[in-house]
Structures are given as structure tokens and as C-alpha cells.
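The structure appears right after this line, and notes come after that.
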Amino acid sequence: MSRIIEVEGVSKSYGGVVANKDVSITVERGGITGLIGPNGSGKTTLFNSIVGYHPIDQGSIKFEGNEISKLPVQKIARLGLLRTFQQTRIYGAMNCVENMLISLPHRKMSLLDALKTNTKEDYDHADHLLEFVGLYEKRLLKSGDLSFGQQKLLEFAMALMNEPTCLLLDEPTAGINPTLINGLIDRLRRANSEFGITLFVIEHNMRVIMNMAETIYCLAHGELLAQGTPDQIQNDQSVIDAYLGAH
Amino acid sequence: MAKNKVILYAVVLTISFLAPFVFPTFGTQLATLWLMIIVAMTWDMTGGQMGYNSLGNIFFYGTGMYVAAVISIGMVYNVGDYTNAAGGGIFEFTDQQYFTGLVLGIIGAGLFCSITALIIGYITFGLRGPYFAIGTLGVAIAGGELVSNWDWVGGGQGIALPVYPGDLDEGKVFFYFLFAVTGIVLFIFLKWFYRTRFGAAINAIRDDEEKADAMGIHTLRYKLITWAIAAFFVGVAGGISGFQLIHFEPLETAYQTINLGIFMVVCVLLGGKGTLWGPIVGAILFHLFKEVTWNYFLGWQWVALGALIIVTVVYFQDGVLGWLMHKRPEWFGIRVENKSSGDAR
């Protein structure tokens, strides 16, 4: 497997607060990689650095071998590196189908393509993905009226609609009914295996991440604490200490 | 439903066509109504559909007037000599010169305004929300001040265009139809445009531009193109107005920031932002309101107008169509649907 994302020695501070310090991570193409760590350990900051929300202080970030740490958000998104938000972001005034159709990959469209109306295939694809995440029945409702968990599922479906090469998911199971989580794990796995999308996932739910990821990185206080397979991470004393607050 | 729509369009078209003949005394008011509809629909392209509330669209109206004037006069005479004479010299236009100037002037006005919108947009689209509104307002005010100090186009005195060669009533009908055809073309264009992926993308920009960026939508490109199209139609409307009014001056007529510049926003708010029919409904209601107050409550007309704006902004933000959508969501296809009940598009 080749490396799709290579983060090398990235540091980022907000004023005096060091959010990431010399973090190095690689995400393998075609796999599922996890990122864990206690609250405030710098996981979302690292995501934001990768997708270009803010400039980094030091280090390099490569996507498919090209340096992206200086690129703005839109350009990185157009390379096929997409993210979902921890605080779900959908177009609340529109219904689910419209949300899906807006998510068609504009990077693959010329201006003339953009001036076409959506085809039957686009609608079918949208319906199919909405069914995939279990929102088919609600597809004509205003998406802002859906529950938080459903909005999360919608955002995930929108990301799939965009046909990314690599998808960064920020806490995909947060706010989702525990009985639905198994279904979601299954869908994430299928997105990975059937659609061939590389996943890089921030997750607090250990059961989810240990079940899903092949490689897991653990951050604490902005620094990389441990990396390895789920088994190695689960048995790593420093990870356990970080979560339980020991020093 | 489809049949109802055909009937609706047929009725609207018939009324539009017959109006100037049935109400010949209202020829100019009816033409102005179409002008209101055009500027309201174009304002809604950015304000309602894209979430960029421009207070500077009037800039394109004024610029369109001047560009049309300069082109149509400049094709026959030296513009500087013409404005210097201020109507004193002898400047005759043949019918052919008049109509060539009119057509090229109006189209040129639209194109020039489009290009201007691309340039101004490139600078101002970095601004968000109220800052964009104020920034574009600044552009419109500056435009008016610059032109009013530019002697070549007549300075503060304004400029006079050649007069329509036929008789006066025929001219009124002619300009009515120029506006009406522009409005209808614009409506057909927008009806198609809002259904395209492009149209969906500008809605995405309105609802959450950061998300649209994160999804890889070419936000700046779409914003520029949308505004350039809006500017084209406003420029064309300005050009037509120039020929219709014959004489206009920069601050009160062309770059009339506090009149038409605000009216177009009020029309859209009254009718319903971000809807195809909202600006049209709003423009009709507003124009009626304005004509009635100007005729029967003279002296109080600005007070009435201010009251209308306050009531709309405070109590009726979604406008007529937004209110209907809220009361009768099923008319607009908002419903829970079971898989078995079939495919509805």
C-alpha cells in the first residue's frame, strides 16, 4: 500500500497554546486509519491543518505526494481530499436530495457541465446513497429539521456523493443512537471497501475505532503519544494513562 | 399541475402583451413596473439565491445608461462636443442611426456592466454579510460622484439622448415592450438557471459558504459569473431607461442609490427572497403601493414607504412567497414520503 497522506513534523500554536507539536502521521491508501486522544489533544486541529483551514507553523503535509500545506481549503478539496465536520454542516434550508445533488463533485465538472440540470442518474445515485445511510424516507424533508444524528448521516452521504479519494471524518458516531452505531460502522467499512475511499477517522468511541481501523494514532497534549494496531494501542500503558489522566 | 402552469403563463403573457393597449395612459408606469421586475429579479440572483446582499446593483443601472448614451452618440458625433453644446448645437440623428445606436448601446451597456461586475466582484467578494452590502454601496455612490464630475459625459448636468423618431405614444409602447421582452427573457433564463447544478451551487454558497468550499465548489468563480449575469441585465435595463427618459443626470436618475437602488431590495424582501416568483410579486405589490401613495398621499409618501420597509423587515421577512411556503409547505413539495408511494420529482 502506498501512502496517501504524509504529515511530517507539523506544529501549530494558537498564541501561546501549542495545539500540535511535531506531529508525524501517515495514512495508507485504501485503508482505515484512526486518530484518538483525550479532549483537547489536538485532533481536530490536525484535521484542520491537513485540509487547509489554517496555515501550519512548521512541517510538511503531502497528499498523494504533493505538498498541500500552503493550499487553501477549496483547492485541497478539489484534489479529492474531503472532510466532515464535528459540528455537522449541511445546507439546512434544503431537503436531503438537494443537499446530495449539491455535493456532486464540482471539481470533475467543466463550466458547461455545471450548467446542465441534474440527470436521472444523479437523482438515482442520490437516492441510492440516502438509502445506504438510511435516510431515504426523509429525503424530501428540510434537512435542518432532521435530528443531529440524522444530519450526521446526511453529511456522510454527501461526502460519499462527492466521490473523494480520501475522507477525513471528525467523530462520525458522536450524537448517534448507540443502536445505530453498529450500522454506521458497517457503512463506514463498506464505504471503504465498496467505494474504495481511504478513511481517516477521529473517534472517541473506542469500540468503534478498535473495530474499524487498521492503524491507530494517539495524540495527547498536542504530541503523538503512540501508534500501532488496535491491539497495540489498547495495551499501551501511556495511552491508558493519557485517558485516565495519569502523568 | 403542469396544466395549471401553462394557463398561468398564458394569462401572464396575454396581460403583459395587452396592458399597454388597454391602459394607454399608464404606458410609462407599466414600463417602470417591468423595470422594477427586472432589477428585483437580478437583485435576487445574488441577494436571495447566493446570499450576497448587494446595495450597489444600482451602479450597473447608472453605468448602463451612460454606456448606452456614449455608444449611441459616439457612433455619430464626438461625445465631448455633443455634451458641451448641451442641446444648443444641431445634432440630428437619422432613424437608422437612432435604432443602430439603440440596439448596440443597450447590448454594449449589458456587456460593459458584466465586465465591470467581474472586476468589482473580484475585489468585493472577499467581504461577507453587511460588509459586502456597504462595500458595494460605496461602489455605487463613488460611481455616481465620479460620473457627475466627468465633463466629457456632461458632468452634473447629465446627458441627453436622441429622441425616439416616431410619435410619443408609439414610443411609450415601444419602450414598454423593450422592458417586457427583457423581463421575459430574464425570467426564462432564471427559471432554467436555478434548476442547473450551477444554480444549486450558488444556493450552497448562500447556506454555508465554508461548507461549499470544503466540498470543492468553485465558489469565487460561481459568484463572479452570477453577478456578471445580473449586471448584464441591469445594464440592459439601464440602457433602455436611458433611451426612454431621453435626458438623465448622474445622481438623481442614473446612480439613484436611495431610490431604485433600495426599491429593488424592498421588492425582493416583500415578495420573498430566494424564490423565482417572489421578486415579481414583490415588484408588482411595491409598484402599486408606491404609485398609490405618490398619488393620493403626496407629502406622506416617504413616510408610507419607510413604514412599509420597517413592517417588511421586522414582521414579514420571508415575504409573500416565504409566508405561503410556511403556511402551505405541501404546495412546495415538502413532505415525508414512503418508499412505496412512488418516485416524485
Quick count over region A:100-119, residues being more than 9 Å from chain B (Cβ to nearest Cβ) and under 19 Å from B:Y194 (Cβ atoms), is 3
Would you mind stating whether B:G56 is assigned to a helix (DSSP H, G or I), closer than 19 Å to B:I258 by Cβ and under 16 Å from the mean Cα position of the chain (by Cα)?
no
For A:Q151, indicate whether it is under 25 Å from A:L35 (Cβ atoms) and either in contact (Cβ under 8 Å) with a residue 12 or more places away in the chain or in a strand (DSSP E or B) (or both).
yes
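Taking strands (runs of 3 or more DSSP E) that do not extend beyond region A:16-65, which have at least 3 residues that are within 14 Å of the chain's Cα centre (by Cα) and within 16 Å of A:A220 (Cβ to Cβ)?
Working: elements: A:17-28, A:32-36, A:58-63.
Those strands (runs of 3 or more DSSP E) span A:32-36.
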Need a quick list: helices (runs of 4 or more DSSP H) entirely within region B:199-300 having at least 2 residues that are assigned by TED's automatic domain parsing to the domain that holds B:I188 and basic (K, R).
B:219-245
Considering region A:5-38 alone, what residues qualify as being under 18 Å from A:Y53 (Cα atoms), surrounded by fewer than 21 Cβ atoms within 10 Å (Cβ to Cβ) and among the polar types (S, T, N, Q)?
A:S11, A:S13
Exactly one of these conditions fails for A:L79: (1) within 8 Å of chain B (Cβ to nearest Cβ); (2) aliphatic (A, V, I, L, M); (3) under 17 Å from the mean Cα position of the chain (by Cα). Give me its number.
(1)
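Can you tell which of A:I76, A:I102 is touching a helix residue (DSSP H, G or I) at 6+ places or on another chain (Cβ under 6 Å), on the phi < 0 side of the Ramachandran plot and surrounded by 19 or more Cβ atoms within 10 Å (Cβ to Cβ)?
Numbers: A:I76 fails: touching a helix residue (DSSP H, G or I) at 6+ places or on another chain (Cβ under 6 Å).
One residue alone meets the criteria, A:I102.
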List the number of the failed condition for B:T219; all other conditions in (1) in contact with an Asp or Glu (Cβ under 6 Å, 6 or more places away or on another chain); (2) away from chain A (no Cβ under 14 Å); (3) not hydrophobic (A, V, I, L, M, F, W, C) hold.
(2)
Here is a check on your reading of the model: is A:E137 within 7 Å of chain B (Cβ to nearest Cβ), part of a helix (DSSP H, G or I) and farther than 21 Å from B:T219 by Cβ?
yes
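For (1) β-branched (V, I, T); (2) within 22 Å of B:F187 (Cα to Cα); (3) modelled with pLDDT under 95, each residue gets a yes or a no:
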position	(1), (2), (3)
B:T42	yes, yes, no
B:Q49	no, yes, yes
B:G56	no, yes, yes
B:V70	yes, no, yes
B:G74	no, no, yes
B:V79	yes, no, yes
B:G89	no, no, yes
B:Q97	no, no, yes
Quick check on region B:133-150. Is at least one of its residues touching a residue at least 24 places away in the same chain (Cβ under 8 Å) and aromatic (F, W, Y)?
no
Restricting the search to region B:14-36, which residues are surrounded by 14 or more Cβ atoms within 10 Å (Cβ to Cβ) and within 19 Å of B:V292 (Cβ to Cβ)?
B:A19, B:F26, B:G27, B:T28, B:Q29, B:L30, B:A31, B:T32, B:L33, B:W34, B:L35, B:M36
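The values are calculated or read from the model by the stated rules, or taken from the named source; none is laboratory data. Note that this is a predicted model, so its numbers are computed, not measured. Virtual Cβ from ideal backbone geometry, glycine too; neighbours counted across all protein chains shown.
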